[in-house]
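Enquirer: Here's a structure for you.
The values are calculated or read from the model by the stated rules, or taken from the named source; none is laboratory data. Note that the structure is predicted; figures quoted are calculated from it, not measured. A quick note on method: Cβ atoms are made from the backbone with ideal geometry, for glycine too, and the neighbour counts reach across all protein chains shown. For accessibility, only protein heavy atoms count, side chains too; no ligands or nucleic acids. Shrake-Rupley method; radii C 1.70, N 1.55, O 1.52, S 1.80 Å.
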Amino acid sequence: MAVVVVSQAWALDAGAHAEAYLQLQREFLAFMRQQPGFRGRRLLRSLEDPTHFTHLRFFDSIADYEALTRLPGYQERIAAMGAHLKPYQRYPREYMEVVLDDPA
């Protein structure tokens, strides 16, 4: 089964910062696709709080994800997206595994 890297993010506002963050996320997908073991992602936006985003990134392994984070240009892209987010104390990321897959 796949590994899912789940993280949370909160934009500085629901308008310009959220839209800039979304655009940078769209551009980031091409970067992610170059990593072996990358299987796709889902980006969710809260209907109750439109500044809140949840990321689901699917990889063959944690090692594949961590290799992505070491590619040249990764940190710069993360910093550009982070400029549109509320600060956090600790990176809100969790590694999870798919234990039931029931696509509709």
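Enquirer: Give the residues of the range 2-46 that are surrounded by fewer than 16 Cβ atoms within 10 Å (Cβ to Cβ), under 18 Å from Ala83 (Cα atoms) and hydroxyl-bearing (Ser, Thr, Tyr), sorted by residue number.
Expert: Listed by number, the list holds a single entry, Ser7.
Enquirer: Filter the range 75-102 down to residues that are open to solvent by less than 100 Å² (accessible area, probe 1.4 Å) and within 20 Å of Val3 (Cα to Cα) and give me whichever is modelled with the lowest pLDDT.
Expert: Tyr91
Enquirer: Among the residues that make up the range 47-62, is at least one of them open to solvent by 80 Å² or more (accessible area, probe 1.4 Å) and either in contact with a Leu (Cβ under 7 Å, 6 or more places away or on another chain) or in contact (Cβ under 8 Å) with a residue 12 or more places away in the chain (or both)?
Expert: no
Enquirer: Of a type outside the set (Val, Ile, Thr) and over 22 Å from Gln34 (Cα atoms): is that true of Ala67 in this structure?
Expert: No, not satisfied.
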